[in-house]
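These notes concern the structure reproduced below.
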Amino acid sequence: MVGVSLTGSVFVGIVTALAVVAFIALIAVWPRLAGRRPGGILARTGLLLTVNLLVLLAAAVQLNAKYLFFAGWTDLGGAMGGHVTTTALSRGGTGAKAAAAQVNGPAATSNGVLPPLPPSADRLGGVIVSTVHGPLSGLTGTVVVRIPPGYTVRAVGAGTRYPVLETFNGYPGTPMQWLATMQLGSAMDAGAVDKKMRPAVIVSPQLEFPPGVDTECVNGAPGPAVEAWLTKDVPNFVARTYRVDTSRSSWATIGLSAGGWCAAMATMLHPAQYSGAIVMGGYFRPWFGAQYEAFPPGSHEAKRYNLVALAHKPPPVAIWLETSHSDPDSYTSSAKFLKVVRPPLSVDAVVLRNAGHRIQIWQALLPQALTWLGATIPGFRPLP
């Protein structure tokens, strides 16, 4: 439909009106089609299918307008044809130099003897689900850990300390999103086999406290101390439970959509813990929904979480980010961020021309992002 936006109110209104008109027409003509004649049965079947398809289409169009799965007609056509135009940008310093820098500050440490893994670890493909109480945040939540192949094999993994990739799901979502939907474990295994990155431990913590609330991963004032949970309690739990390398150059984050914001925030505000981040469709200041406001606009807390402002005096971390001109959830904030990036912060960006805000885009870019991780972050570099 030339001149009519795929996500605009006009197109949504047209499709919704068609569904309503079809329903009214069905009610009006139904009595005339009664009976067991083949023609009447076929007509009733066709009308019912048409109404149901239009109702489903109206719902899909409204959801797309809200969540921007397809940003426009060009994006929809590109998705059907499998073609998306991209531009690569680099800003700030050198990624490897930023990730290898020494940073003073608190970070997770191992306390010596590690507890044994649960017997189910191998049977469940290395996935271990734990309920963890965070003494610093006061929160109790779920942490999903996936250990790499070879971790439990004495001849292969004995004594090996693995890097850690902490994941952040989108909203709404669950800690399993990166493992189940994004297939991160399989992608990392393939990267290790192809010598593009080192095998790593995947850590996927709960982000919503209570479940269903979009916390944006921040410390509320008042409200749950989610940032403390994610960046202190969870790394401490991992370092004291699993055989991981605790140097900052072996810790990185990855997130999509709202989780992309969380990954960027955790890394930039805690550079002593994390040296790099992969941000897919994310943004660079918190974006709260109607049901939760962690702190007043303009407050000290709001200023602290403005990563665009922080980029003027940045930490030495490396960031790989994806955004799209057609993704207002991400692009406006990402463009402002890219304009102010300066050393020692390093940013490598993939900017898509016409693409929406959806899983399929991020799935397709995941191998590229992991290759960047293995080439840039010292602890993730492939073994010789």
* Just from its helices, what would the mean residue ellipticity at 222 nm be for the chain, if runs of 4 or more DSSP H residues each count -39500 (n - 2.57) and the sum is divided by every residue, rounded to the nearest 500 deg cm²/dmol? -> -11000 deg cm²/dmol
* Hey, can you rank 276-286, 262-272, 353-363 by average C-beta count inside 10 Å, highest first? -> 276-286, 262-272, 353-363
* Asked: So in the chain, what percent of DSSP beta bridges are antiparallel if you round to the nearest 5?
  -> 40 percent
* Asked: How much FRET efficiency would the formula 1/(1 + (r/R0)^6) give for V129 and S299, where r is the Cβ-Cβ distance and R0 is 25 Å, rounded to 0.05?
  -> 0.10
* Kirkwood Rh, Cα atoms: Rg over Rh of segment 209-339 -> 0.96
* Any idea what the relative contact order of segment 9-67 is, in percent, if you count C-alpha pairs under 8 Å spaced at least 6 apart? -> 50 percent
* Structure fact -> In terms of the alpha carbon gyration tensor, root eigenvalues a ≥ b ≥ c, rounded if a/c is under 1.5 and otherwise prolate when a/b exceeds b/c or oblate, segment 305-355 is prolate
* Normalised by the number of residues in the chain, what is the relative contact order in percent for Cα pairs under 8 Å and 6+ residues apart? -> 22 percent
* Structure fact -> Label model pair D194, T181: point-to-point distance (7 angstrom along the Cα→beta-carbon line) in nm is 2.4 nm
* Structure fact -> Full extension between A309 and A59 adds, at 0.36 nm per residue less the Cα distance, a length in nm of 86.1 nm
* Under the Karplus relation 6.51 cos²θ - 1.76 cosθ + 1.60, θ = phi - 60°, what is the ordered set of whole-Hz ³J(HN,Hα) values for segment 107-113, x standing for Gly and Pro? -> 8, 5, 9, 7, 9, x, 6
* Asked: Each label point is 7 Å from the Cα along the Cα-to-Cβ direction; what then is the distance between the points at R353 and T140, in nm?
  -> 5.4 nm
* If the chain between L89 and R44 were fully stretched, how many nm would it gain, using 0.36 nm times the residue separation less the Cα-Cα distance? -> 10.6 nm
* Taking R0 as 25 Å, what's the FRET efficiency between T109 and V153 from their Cβ-Cβ distance, rounded to 0.05? -> 0.45
* Asked: What nm distance separates the two modelled labels at K97 and V20, each placed 7 Å from Cα along Cα→Cβ?
  -> 6.2 nm
* Asked: So how tilted is helix 38-67 from the main axis of the chain? Cα-based, degrees 0 to 90, rounded to 10.
  -> 40 degrees
* Förster radius 25 Å - calculated FRET efficiency between S9 and W30, Cβ distance, rounded to 0.05 -> 0.20
* Packing rank of 296-303, 173-180, 244-251, where each peptide gets the mean count of other beta carbons within 10 Å, highest leading -> 244-251, 173-180, 296-303
* Order the peptides 41-53, 314-326, 140-152 from the highest to the lowest mean number of other Cβ atoms within 10 Å of their residues. => 314-326, 140-152, 41-53
* Structure fact -> For segment 125-276 the mean separation of alpha carbon contacts under 8 Å (6+ apart) over residue count, i.e. relative contact order in percent, is 28 percent
* To do: At a temperature of 20 °C and a viscosity of 1.002 mPa s, determine how fast segment 9-67 diffuses translationally according to Stokes-Einstein, using the Kirkwood radius over alpha-carbon pairs as Rh; express D in µm²/s, rounded to the nearest whole number.
  => 174 µm²/s
* Which number gives the lysine pairs in the chain that have C-alpha atoms under 28 Å apart and are eight or more places apart or on different chains? -> 17
* **Whole-Å semi-axes of the chain's equivalent ellipsoid (Cα gyration tensor)** => 43, 25, 21
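Here, each number is a calculation from the coordinates, and none is a lab measurement. Computed from a prediction, not measured in an experiment: that's the story for all the values here. In this analysis, Cβ positions are derived from the backbone assuming ideal geometry, glycine residues included, and neighbour counts consider all displayed protein chains.
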